[in-house]
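In what follows, a single structure is set out as structure tokens and then discussed.
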Amino acid sequence: MSKNERTGSIRIFLAVCSARSFAAAAAQLHLSPSAVAKAIARLEARLGVRLLERTTRRRQLTQEGERYFSICRAALDEIDRVEVELAATRTEPSGLVRISLPPLFGMSVIAPALFALADIYPLLSFDMTLKGEKVDFLTQQVDLAVRIGHLPDTSGLTAHRLGTQTIVLCASSGYLDRHGAPQSISDLAAHRLAATSGEKGVVPWSIVRPDGGVETWTPPARLLLDGSALTLAAIKAGRGIGLLPQWLAAPELASGALKQVMAGRIESALPIHVVWPSAPVMLPRLRVTIDAIVTATRHAVISDTAQ
């Protein structure tokens, strides 16, 4: 018996085991019942054991058949998986990728990279949403999600760490020229401050004291702003001092429009991950999308002390 015939007999045997009858297996395989019966007989003759009991209309596995079935099923599943994986590497990325992104980071850093990726692969399309909450991949039909912050339970998911978002305290150059730069928490209290409101009131700042300890301080802010985009606008307009993600403030800091104050005194670092449902095979459309997200994040000013 050739290797091809042997593999064919095994696949027929597995079909009979699943269907529990020669006739049903024959219909699935587009063979005649007699061809299926002969294939099983040749397989049993080669192995020298009986795999199926034929005393009833429904075929039952013998003890030897049970063992052979489990081994063959696992082996063919692995072969099928590898063949799919190898075929996937030769396929041009195509199809729809549904992505959930954190609003500002997604719009500023990730989305431009995916727009460019769509130009490279004309068969690739994207459905992007800007949301910051936890994603249910099954009910929300999402393929990938980028999240800032510590992840909840990731069972059944694959998470790749993109970096760490650090926070800096900033003010406009004009504001600091007029009011001076604070050096301590007591100095900060005398300045105009822009902060964020949360469910329990003003979101506190974590500030490192000169002795190395961290103090949780609630800023007496006149401006309570929803999100970093509003905070950046207020700071650029000279309305005071506030916290910004380093990647967002980086262009303004580089140009000199903004200046960092109390450098190294803000205690805040959040991990950034791209997350997707675990699968034995990475489809080309997901692979190139994740690669583009990794590259875009690397080019943004995001540190990662673990790297």
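All of the numbers you see were taken from the coordinates with simple rules; none came from a lab. Just so we're clear, the structure is a prediction, and the values are computed from it rather than from any experiment. In this analysis, Cβ positions are derived from the backbone assuming ideal geometry, glycine residues included, and neighbour counts consider all displayed protein chains.
Side notes on the structure shown:
- When Rg and Dmax are taken over the Cα atoms of segment 3-89, they come to 13.5, 47 Å.
- The orientation-averaged projected area of the convex hull spanned by the Cα atoms of segment 95-307 comes to 13.4 nm².
- Dipole in debye (nearest 20) - segment 232-307, about Cα centre, beta carbon charges: Lys, Arg +1; Asp, Glu -1: 160
- Excluding exposed DSSP-loop GluC sites (Glu not before Pro) (at most 11 other C-beta within 10 Å), longest clean stretch of the chain: 1-132
- Simple Cβ-charge dipole of segment 20-119, Lys/Arg +1 and Asp/Glu -1, about Cα centre, in debye nearest 20: 800
- Computed from label points 7 Å out along Cα-Cβ, the spacing between residue 298 and residue 91 is 2.6 nm.
- Of the residues 110, 40, 79, the one that moves most in a GNM of the chain with alpha-carbon contacts below 10 Å is 40.
- Unit charges on C-beta of K, R, D, E only; dipole of the chain, Debye: 1060
- Additional length obtainable on full extension of the chain from residue 157 to residue 70, 0.36 nm per residue less Cα span: 28.6 nm
- Pair residue 141, residue 279: separation of 7 Å Cα→Cβ label points (nm): 1.5
- Residue-span extension gain [residue 125 to residue 216] - 0.36 nm each, minus C-alpha spacing: 28.3 nm
- Length gained on full extension, residue 30 to residue 80, computed as 0.36 nm times the residue gap minus the Cα-Cα distance: 16.0 nm.
- Fewest-first ranking of 179, 30, using other Cβ atoms within 10 Å as the exposure measure: 30, 179
- Tensor-based shape of segment 121-207 (alpha-carbon gyration tensor, a/c under 1.5 rounded, otherwise prolate or oblate): prolate
- Taking the helices alone, the chain has a mean residue ellipticity at 222 nm of -12500 deg cm²/dmol, built from -39,500 (n - 2.57) per DSSP H run of at least 4 residues and averaged over all its residues.
- Taking the convex hull of Cα positions in segment 230-296, its mean projected area over all directions (nm²): 6.8
- In order through segment 206-215: 3J(HN,Hα) via Karplus (6.51 cos²θ - 1.76 cosθ + 1.60), integer Hz, x for Gly, Pro: 9, 10, 7, 7, x, 7, x, x, 10, 10
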